[in-house]
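The values are calculated or read from the model by the stated rules, or taken from the named source; none is laboratory data. This one's a predicted model, so the numbers in the text were calculated from it and none came from an experiment. Positions of Cβ are generated from backbone atoms using ideal geometry, with glycine treated the same way; all protein chains shown enter the neighbour counts. Surface accessibility is based on the protein's heavy atoms, side chains included, excluding ligands, DNA and RNA. Shrake-Rupley method; radii C 1.70, N 1.55, O 1.52, S 1.80 Å.
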Amino acid sequence: MTADAPKPTSSAASQMWGGRFARGPAAIMETINASIGFDRRLADQDIAGSKAHAAMLANRGIIAPEDAAAIRDGLDRVKAEIDSGAFVFKTELEDIHMNVEARLAELIGEPAKRLHTARSRNDQVATDFRLWVRDAIDRLDGGLKALQAALIDLAEANADAVMPGFTHLQAAQPVTFGHHLLAYVEMLGRDRGRMADARARLNECPLGAAALAGTPFPIDRHATAAALGFDRPAANSLDAVSDRDFALEYMAAASICAMHLSRFAEEIVLWCSDQFRFIRLSDAFTTGSSIMPQKKNPDAAELVRAKSGRVIGSLNSLLITMKGLPLAYSKDMQEDKEPVFLTDDTLALCVAAMEGMVRDMVPNRASMRAAAERGFLTATDLADWLVRVLGMPFREAHHVTGRAVKLAEEGGKTLSELTLDELRSVEPRITEDVHAVLTVEASVAGRRSFGGTAPERVREAVKAARERFL
């Protein structure tokens, strides 16, 4: 061995690989090649996949029933060790598959060597990963449903709480706080729908595709697919081992969801500020300042807003990894798991934090209503009245209303405070009845179109949302 030659490490890896490799990898190769530091999360899915595979091999007469039984019992022992924390993960064995298989061999001996018949790590990891993402989607759905429930409860309690609605972050028209909250319920409903769509598409089983071309053994891929809860086996062996669309689609849906949470978090930050005073959060979801004793910062919301970048960045990371890969499997694809795991961790935390903030949130109805009184938010109601009652074309009504707003602004009044004579100075046909539509309460009550902000519509929407989502 020359001075520059890499020093061999443990022989465990070369034993797993067999006769092709005479010695173990260089230390740096072992480090860059290993994924057990993160893919140990796939342990449950890996063991489930191996049990289904062994049972199928026995049913097809490819391995002996007693070997399949030994494999099954041995895998149960491996899982128990992992669950208890007694299992020793070894970097030199690279990944979860080889760690489990090596320990299985220690426990049951010769039968363990038959487990890898008619499969490859390529179809094995693709199967494990699909199972894991499927479980992640199911967990996330529960969290999103709980967040929707919190929003619906708060919306129901504030179906008639008037606040300003905004466009361009400028006060635009009065809405109700309940109506505003239900907008996020709809967003989260779409998020859950996208996740459900992704789950349906990923629910095809790669197991049996082997390395890339299938296997000459008389396996039953439909049996293993059914045993693992998949709808069907993946149709093309090349696609089965090289596809990571399911991970990308999950992260794309997660990125949209994170963006929704970030938008809501931004509003919470604004609403907590002294300039808005729309809501109050307790000490449970705020922090103080190290120098300014008066401060109460909405840090939980700010962190949700920031963490959305991690989720979106993870999607971009895997897209870039996948974009140049030829079929079928390349080692680059080992880099698929960490961004998915990060996405799951981050989004689950953000959803839980957001639910906590919604449950903790105390609306300041008086402050919201006072804000709705500023900025001539009932101007559109005046224009609509001119159209409905006087038959005026809307564009003309828009100009008349603009003159009324200018008059009120010059007089330091709201539109509802203008006298009939003042209103008639801009349009002589206006009658006293117009004042009935110029209060903020009248404005929201009049928005009775389906999906509108009228309190009666909000209460109907609350009931419908409970039926649709909870």
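Pull out the extension gain between residue 306 and residue 238, defined as 0.36 nm times the separation in residues minus the alpha carbon to alpha carbon distance; nm, one decimal. If you can, show how the numbers build up before the last one.
On the way: separation 68, 0.36 × 68 = 24.48 nm, distance 3.85 nm.
Taking 0.36 nm per residue and subtracting the Cα distance, the gain is 20.6 nm.
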* Taking Cα atoms, how many degrees apart are the long axis of helix 394-411 and the longest axis of the chain, rounded to 10 and kept between 0 and 90? -> 70 degrees
* So what are segment 97-211's ellipsoid semi-axes, whole angstrom, largest first, if each one is the square root of 5 times an eigenvalue of the alpha-carbon gyration tensor? -> 51, 14, 10
* Structure fact -> The base-10 log of I(q)/I(0) that the Debye equation returns for segment 223-322 at q = 0.15, 0.19 Å⁻¹, one scatterer per C-alpha, is -0.75, -0.95
* Asked: Once you put a point 7 Å from the Cα of residue 201 and another 7 Å from the Cα of residue 299, both along the Cβ direction, what distance in nm separates them?
  -> 3.9 nm
* **Largest-first principal axis extents of the Cα set of segment 80-156 (Å)** => 64, 29, 21
* **residue 388-residue 319 FRET efficiency (beta carbon distance; Förster radius 56 Å; 0.05 resolution)** => 0.60
* For residue 448 paired with residue 273, estimate the spin-label separation in nm (one decimal), with each label point 7 Å from Cα along the Cα-to-Cβ line. => 3.8 nm
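In segment 355-414, what percent of the accessible surface is made up of carbon and sulfur (1.4 Å probe, ligands and nucleic acids excluded)?
C and S atoms contribute 54 percent here.
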* **Alpha-carbon gyration tensor eigenvalues x 5, square-rooted, for segment 113-169, Å** => 49, 14, 4
* **Computed helical MRE - 222 nm, the chain, DSSP H runs ≥ 4 contributing -39500 (n - 2.57), nearest 500** => -20000 deg cm²/dmol
* Structure fact -> Note: residue 40 to residue 190 extended length (0.36 nm per residue) minus current alpha-carbon separation gives 50.8 nm
* Given just the C-alpha atoms of segment 347-470, how large is their convex hull per residue in cubic angstrom? -> 154 Å³
* To do: Would you kindly state how much longer the chain becomes between residue 331 and residue 284 on full extension, computed as 0.36 nm times their sequence separation minus their alpha carbon distance, in nm to one decimal?
  => 12.4 nm
